Amino acid sequence: MGGMKFRKFFLVTIGALAFGWIGIQVLNHRDRLKDPARLAFILNIAELPLSVGNIACSATEITDLIVTCTFEVDLVELDKLLNGWQFDKRNVAGNSSHFPTDAPVGPEFDVSVEYRIESAIFKNA
């Protein structure tokens, strides 16, 4: 009799864990669908240029809400992404591994320019 109770408890526990895991996967997938709007919001622009693709955003920090997004864009449309803020442009040397991010970056690539913003509105954020 004790073996049946354990088996039932074990099956219910496994079922609950599987249900929870599936639920998290569904929520993560639905959240990924919001990445284009999230990236436009972060860049402070109304909409993304058509060439923007392969968007992946991540917000894994625990104490602060820090959202990191990676994406691809046709260089011809890069200026459209920079219109929302007054970015500082800085020449840099290195590759993508020198600029760590939580979001997947894909194959390593050379980096020659960095765009930064350190606005007063971000002082307490």
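A search for C-beta distances below 6 Å between a residue of segment 8-21 that is on the phi > 0 side of the Ramachandran plot and any residue that is surrounded by 10 or more Cβ atoms within 10 Å (Cβ to Cβ), counting only pairs 6+ apart in sequence or on different chains, returns nothing. If only residues of segment 49-65 that are over 13 Å from the mean Cα position of the chain (by Cα) and at pLDDT below 75 are counted, the one that is least open to solvent (accessible area, probe 1.4 Å) is 64. Six or more apart or on different chains, Cβ atoms under 8 Å: show the pairs whose first residue is in segment 79-90 and more than 21 Å from residue 50 (Cβ to Cβ) and whose second is surrounded by 12 or more Cβ atoms within 10 Å (Cβ to Cβ) and among the charged types (D, E, K, R). Qualifying pairs under 8 Å: 89/114; 90/114. Summed over segment 39-48, residues that are assigned to a loop (DSSP other than H, G, I, E, B), out of contact with any Phe, Trp or Tyr (no Cβ under 6 Å at 6 or more places or on another chain) and surrounded by fewer than 15 Cβ atoms within 10 Å (Cβ to Cβ) total 2. Quickly run through segment 78-120 and pick out the residues that are more than 21 Å from the chain's Cα centre (by Cα) and modelled with pLDDT under 75. Of everything in segment 78-120, those that are more than 21 Å from the chain's Cα centre (by Cα) and modelled with pLDDT under 75 turn out to be 119, 120.
The values are calculated or read from the model by the stated rules, or taken from the named source; none is laboratory data. Everything quoted here is computed from the prediction, not taken from an experiment. Every residue, glycine among them, receives a Cβ derived from its backbone with ideal geometry; neighbour counts consider all protein chains shown. Keep in mind that these areas ignore ligands, DNA and RNA; they rest on the heavy atoms of the full protein, side chains included. Shrake-Rupley method; radii C 1.70, N 1.55, O 1.52, S 1.80 Å.
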